[in-house]
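Below you'll find the structure, written out as C-alpha cells, and then a few comments.
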Amino acid sequence: MQVQETFYEEVRRKGISRRDFLRFCLLTTAYLGLESTMFSKVVRALESKPRPPIYWLNFAACTCCTESLIRSSHPLISDVILSMISLDYMETIQVAAGHQAEEIVWEGMKKNFGNYILAVEGSVPTKDNGVYCTVGGMTALEYIKKASRGAKAIISVGSCSSFGCVTTAHPNPTGCKPIYKIITDKPVVNIPGCPPIAEVIVGTIVHLITFDTLPELDALKRPKVFYGQRIHDKCYRRAFFDAGMFVEKFDDEGARKGWCLYKVGCRGPVTYNACSVVKWNEGTSFPIQSGHPCLGCSEPDYWDNRPLYQHVADVPLPGFATADEIGKGFAIGVAVATGAHLVASIVKKATQKVKEEKKEQKEE
Amino acid sequence: MQANQIYRVESECVTRYYVWDSVVRVSHWINVIAVGVLIFTGFYISTPFYRPTADEPFGATVMATMKNLHFLFAVIFTLNGLFRAYWFFAGNTYRQWFRFHIWKADFWKEAWWKLKDYITLRYTDYELHTLGHNTLATLTYVIVFLAASVQGLTGFAMAGKINPGGFFDTLFGWVIPLFGGEANVRMIHKMIMWGIIGFMIHHISFVIYLEVFREKGMLSSMITGLKTRPLGWEPVEKPWEKKEK
Ligand code: HEM
Ligand code: SF4
Ligand code: SF4
C-alpha cells in the first residue's frame, strides 16, 4: 500500500522553500488565534502527519468559493491550498474527467475509508428526489450520502453549503438544503461567506491536520476564531459609527471622508465574519474599506434577509415591508380604532344624557 | 389576610377603593420613563437622525451615548420587570396572579363577554376584582409582559455579542441562533417595539378617557392608588351568565 505523503513533503515537491513553508505555518498559527508557542506544534504536525486526502465536491453553487480559493493572490496560500486539495479531486481544476475522474474519487474514498475529509461547495437539492443536481450520474443527494460514509469530517465551504445562499433563497424551487441538515451523523463545520476567505478555509484545514479535531465551533457550527465577532466590532470605521457620523448616500461628502456606512445599509453590526480582521487578497482591503457596506453574506439565509442595502431586513410576510412600515401601520391602526371607539363612547354618553334630561323635563 | 383586605373610602358622592399599592405605582412610573427612553434611543440607533457637525469623530459620541443609555435603561426596565413579576404573587388582591386561569372556561367566557361589552360601548363594572383588571385586560397585560420579555432576551443577546463569551453572551447568546441570525433578531426587536408603541397608544388614551369621561379614577389611581365607583355601587358576580336584555 502506498504511504501517504506528509503535507510538508508535498509542498517541497512542488518547489516551495522551507522558509516559505515556515512562513505559512506562522501565518496560519496567527490566524487561528493560537499562542505563538503552538507554532512549532503546527510545523511538526504538517511535517510528520500523513496528509489526509481532501475531496472537494461541487453541488448547487456558483463556484465562487473555488474562485476565492484558487485566486487567492497570496502566493503561499494558493500554492498550499492547491497542494492540499487538487491532487485528490476538485472538478474545476482536476486533470481527469468523466468516468476516469469518478473512478478516482470512489477508489480513493474506499482506500482511505474513515480518514478523508470532504470539502463541500454548494447546497443539495432535495425536491423531486434531488434531480436538479446530478454528478457522475448520481443525484447530489445520493452522492453526498455515499461520499460522507467514510469521511472523518465535512467542511461546508461557503454560504450555500453552510446555511443556504442563492440556491436556497425564497421560494427555493429545487428544495435546496445546506449540508448539515442532510448529514447529521458526521462532524460538520460551516465556513460561510459568499465566498469565504481563503485564509479561513485553510486555517480550518490546518487545525484539523494539526490537532486531529475541528476548531472550537459556535452554535451555528462555525469556527469561533473566525466567526466569533461581528464585522462591526472590529471595523476601522467604528469611530464614525460611535460618533454618529454616517454616509447618507453613496458619493456624498461623508462617503469621500470614509464615514460609517450604517445608513447605506451596512450589515456589519449583524454579521459574523473575519473580513475586518483577516481582510481579502493578501490583507489588502475588504468591502467596507473600499466604501461599500457589508451585505452580510456569511449570515444564515442572507438572500432572504432582503433587501440588501438596508441594515434591518424586511419582515418576511407576503409582500415584504420594512419593520417600520408595518410598525407604523399597526400603530396608526390602533390609534384610529381607539380614537373611533372613544369618540363613539363620548357621543353615546352625551346623547344618553340629553335623552335623560328630556325625560326628566317631560316628567316634570 | 392583610394583603387581600379591601380598603374603601366613602365620601359624599363616590366610593373610593385603594387598589394600587405604592410598589405598583412606583414601578409603573419607572416603566414609563424607561420605555420612553428605550423607544427614543432605540429609534436613534435604528435611524440616526442627528449628526454632530464635526469633521472628525474626535470627542463626538452621539451614537455611543445613545447605545449606552439604551443599555442602561434596558437594565432598569428589566430589573423593574422582574420585580413586578414577583409582585404578581406577593402584591395585593388586585395585582394577583391567581386571576389568570386560562385553563378555565370562565376565564374565556368573561374575556369574550368583556370584549363585547367594550365594543358595544358599555363599560360595565361588575366583580370586585375588576377594580384591578378585568380578564381581558389581564390577558393584554400578560401578552405585553411576554413581549417585553422577548424584547429583553433579544436586546441582551445583541448587547452580549460585543463581548463574545462574556456574561451577557453566556446568558443570552442562545437567542441568536434560535431566530436564525442576528439580522432576524434585530427585526424582531424592532417589530416588538412597534407592538409596544401600539399598546401605549391604546393604553394612554383609554385611561385618560376613563378618568375624564367616566370618572373611574383610572389615571389618578396610578398616583393616589384610589379608584372611584358611584356611591352605592354593588359588585355583580358573573354577569356573563345572565341573559342580556
Ligand atoms: C421596550 C423596550 C425596548 C425598545 C422599545 C427597544 C427598541 C430598540 C430599537 C428600535 C432598536 C434599534 C433596532 C435597529 O433598527 O437596529 C434597538 C436596538 C437595540 N436594543 Fe432595544 N429596545 C428595548 C429593550 C431593550 C432591552 C431590554 C435591551 C437589553 C439590553 C435592548 C438592547 C438593545 C440593543 C443592544 C440594540 C442594538 C444596538 C446595536 O447593537 O446597534 N433593548 N432597541
Ligand atoms: S461601516 Fe458597517 S461595520 Fe463599519 S462601523 Fe459602520 S456599520 Fe459598523
Ligand atoms: S464584508 Fe460582509 S458581505 Fe462583504 S464579504 Fe465580508 S461578510 Fe461578506
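Taking the listed residues A:Ser298, A:Ser290, A:Ser276, the one that is polar (S, T, N, Q) and free of Cβ contacts under 8 Å to residues at least 12 places away in the same chain is A:Ser290, with no other qualifying. Across the range B:85-106, a minimum of one residue is classified as out of contact with any Gly (no Cβ under 9 Å at 6 or more places or on another chain) and acidic (Asp, Glu).
Here's the yes/no breakdown for (1) within 16 Å of ligand 2 (Cβ to nearest atom); (2) touching a residue at least 24 places away in the same chain (Cβ under 8 Å); (3) in a loop (DSSP other than H, G, I, E, B):
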residue	(1), (2), (3)
A:Thr167	no, yes, no
A:His170	no, yes, yes
A:Thr174	no, yes, yes
A:Tyr180	no, yes, no
A:Gly193	yes, yes, yes
A:Val200	no, yes, no
A:Ile205	no, yes, no
A:Leu208	no, yes, no
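Here A:Glu282 fulfils each of the conditions (1) in a loop (DSSP other than H, G, I, E, B); (2) more than 9 Å from chain B (Cβ to nearest Cβ); (3) touching a Gly at 6+ places or on another chain (Cβ under 7 Å); (4) touching a residue at least 60 places away in the same chain (Cβ under 8 Å) apart from (3). The one condition from (1) within 16 Å of ligand 2 (Cβ to nearest atom); (2) more than 9 Å from chain B (Cβ to nearest Cβ); (3) over 19 Å from the mean Cα position of the chain (by Cα); (4) not acidic (Asp, Glu) that A:Val343 does not meet is (1). For the range A:257-273, the set of residues classified as more than 9 Å from ligand 2 (Cβ to nearest atom), within 8 Å of another protein chain (Cβ to nearest Cβ) and among the polar types (S, T, N, Q) is empty. Taken over the range A:253-273, the criterion of being within 16 Å of ligand 1 (Cβ to nearest atom), assigned to a helix (DSSP H, G or I) and among the small types (Gly, Ala, Ser) is satisfied by A:Gly268 alone. Annotation note: Cβ proximity below 6 Å between a residue of the range B:170-186 that is within 11 Å of A:Ala219 (Cα to Cα) and a residue that is at pLDDT below 90 and surrounded by fewer than 20 Cβ atoms within 10 Å (Cβ to Cβ) (sequence gap 6+ or interchain) occurs for B:Pro177/A:Ala219; B:Pro177/A:Leu220.
Flag not set for A:Gly333, criterion: buried (at least 19 other Cβ atoms within 10 Å of the Cβ), free of Cβ contacts under 8 Å to residues at least 24 places away in the same chain and facing chain B (nearest Cβ under 8 Å). Screening B:Gly173, B:Gly180, B:Gly152 for residues that are over 13 Å from the mean Cα position of the chain (by Cα) and more than 8 Å from chain A (Cβ to nearest Cβ) leaves exactly one candidate, B:Gly152. Return the total of residues in the range B:39-66 being in a helix (DSSP H, G or I) and either free of Cβ contacts under 8 Å to residues at least 40 places away in the same chain or within 15 Å of ligand 2 (Cβ to nearest atom) (or both). Residues meeting the conditions: 11. In this structure, A:Gln289 does not qualify as modelled with pLDDT under 90 and within 15 Å of ligand 2 (Cβ to nearest atom). The residues of the range A:211-247 that are more than 7 Å from chain B (Cβ to nearest Cβ), more than 16 Å from ligand 1 (Cβ to nearest atom) and surrounded by fewer than 22 Cβ atoms within 10 Å (Cβ to Cβ), listed by number, are A:Phe211, A:Asp212, A:Thr213, A:Leu214, A:Pro215, A:Glu216, A:Leu217, A:Asp218, A:Lys221, A:Lys224, A:Val225, A:Tyr236. For A:Ser276, the conditions (1) within 13 Å of chain B (Cβ to nearest Cβ); (2) within 16 Å of ligand 1 (Cβ to nearest atom); (3) not in a loop (DSSP other than H, G, I, E, B) are fulfilled apart from (1). Here the condition is being surrounded by fewer than 20 Cβ atoms within 10 Å (Cβ to Cβ) and of a type outside the set (Ser, Thr, Tyr); of A:Gly296, A:Gly268, A:Gly291, it holds for A:Gly291 alone. Of the residues B:Ile201, B:Ile223, B:Ile208, the single one that is in a helix (DSSP H, G or I), of a type in the set (A, V, I, L, M, F, W, C), closer than 27 Å to A:Phe320 by Cβ and under 24 Å from the mean Cα position of the chain (by Cα) is B:Ile201. Of B:Asp106, B:Asp125, all but one fail to be away from ligand 1 (no atom under 16 Å from the Cβ), touching a residue at least 60 places away in the same chain (Cβ under 8 Å), of a type in the set (Asp, Glu) and not in a helix (DSSP H, G or I); the exception is B:Asp125.
For A:Pro318, state whether it is without any contact (Cβ under 8 Å) to a residue 60 or more places away in the chain, within 16 Å of ligand 1 (Cβ to nearest atom), away from chain B (no Cβ under 11 Å) and not in a helix (DSSP H, G or I). In short, no. Within the range A:285-300, the set of residues being in contact with a helix residue (DSSP H, G or I) (Cβ under 7 Å, 6 or more places away or on another chain) and within 12 Å of another protein chain (Cβ to nearest Cβ) comprises A:Cys294, A:Gly296, A:Cys297, A:Ser298, A:Glu299.
The values are calculated or read from the model by the stated rules, or taken from the named source; none is laboratory data. Small disclaimer: the values here were computed from a predicted structure and weren't measured. Ideal geometry is used to build each Cβ from the backbone, glycine not excepted, and the neighbour counts take in all protein chains shown.
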